[in-house]
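Quick notes on the structure that follows.
We did not get these values from a lab; they are worked out from the coordinates using the rules stated. Because the structure is a prediction, the values reported are computed rather than measured. Heads up, the Cβs are rebuilt from the backbone with ideal geometry, glycines too, and the neighbour counts pull from every protein chain shown.
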Amino acid sequence: MRRRVLALGAAIAIVMVASCSDRTAGDPSVSGQEGGSTSGDSGAGSPDVPQVKEPLDAGPYLKRPCDVIANSVINSVGNMRPGEPDVNSDTAKKLTGPSCGWFPKGNERVQFSLLFETVHRDNGTGGIKGVYKGKEVGLTDYVEPVDIPGHAGYPAAFSGSKDDQDKGECSLAVGITNNFLFSVHFTNWENPNQACPSALKVAASALDTLKEGN
């Protein structure tokens, strides 16, 4: 139960960051500037917010989010049980979006989850811009842009609390359209400095899978 609560808490925290754009719908830094998008969707924002170059369709994986990560990558980051999807709960449908959590087979203090943030995509407030706005309005301590190895053109950022990151809890958001992102929350309390590198591996695997289907 503790593991499930941790994974759910991470997902909710990420959605709370994105939701700040709800409260700033009239702010030109988060909506509708002409010429800001290179992706063809309607999510153009501030020139300071990186834009997605080639949007990806995650539709086939919204009902089976656990399939978006290669087994070889899962095995490389921990001794995990099969992924546990959450696609039909009220939380998934109304608050977070579909997700999958992976938990250890033994007592290792390593776990991670992947969330497709559909709720804010559907109401027009999603995308990587929400992560940047979260820092601007004080919902997160920091936002650190990062490149996903082998996947230029898909803006990504670590965000959250530096204290949590130092303890081995790493949150990573990755834009796949200008209005839609997926996020990875990786916890490694045994080797805290491996949490963010592992999150990058998981995100790269998800992008590999999504590109294969587009």
If amide H atoms are modeled at 1.01 Å from N in the peptide plane, then the residues at a separation of 5 or more from R81, or on another chain, having amide H under 5 Å from its own are F103, K105
Expressed to one decimal in nm², the mean projection of the alpha carbon convex hull of segment 113-214 is 6.4 nm²
Taking alpha-carbon centroids only, segment 66-88 lies from segment 107-125 a number of Å equal to 13 Å
Plugging the Cβ-Cβ distance of E108 and A70 into 1/(1 + (r/R0)^6) at R0 = 35 Å yields, to the nearest 0.05, a FRET efficiency of 0.95
Pseudo-spin-label distance L95 to S161, built 7 Å along Cα→Cβ, given in nm, is 1.8 nm
To the nearest 0.05, the calculated FRET efficiency linking E84 and E136 through their beta-carbon distance, R0 being 41 Å, is 0.75
Exposure-ranked with fewest Cβ neighbours within 10 Å first, Y154, Y61 stand as Y61, Y154
With a 19 Å threshold on alpha-carbon distance, the violating pairs from K105/K162; K135/K162; K53/K129; K63/K93; K63/K94; K53/K211 are K105/K162
For N178, the residues 5 or more places away or on another chain with a placed amide H closer than 5 Å to its own amide H are D41, G43, V52
To the nearest 20 debye, segment 70-127 has a Cα-centred charge dipole, built from +1 on Lys and Arg Cβ and -1 on Asp and Glu Cβ, of 100 debye
With bins of 10 Å, the percent of all Cα-Cα pairs of segment 83-143 per bin from 0 is 20, 35, 35, 10, 0
Least to most buried among S171, S72, S183, S89, by other C-beta atoms within 10 Å and fewest first, runs S72, S89, S171, S183
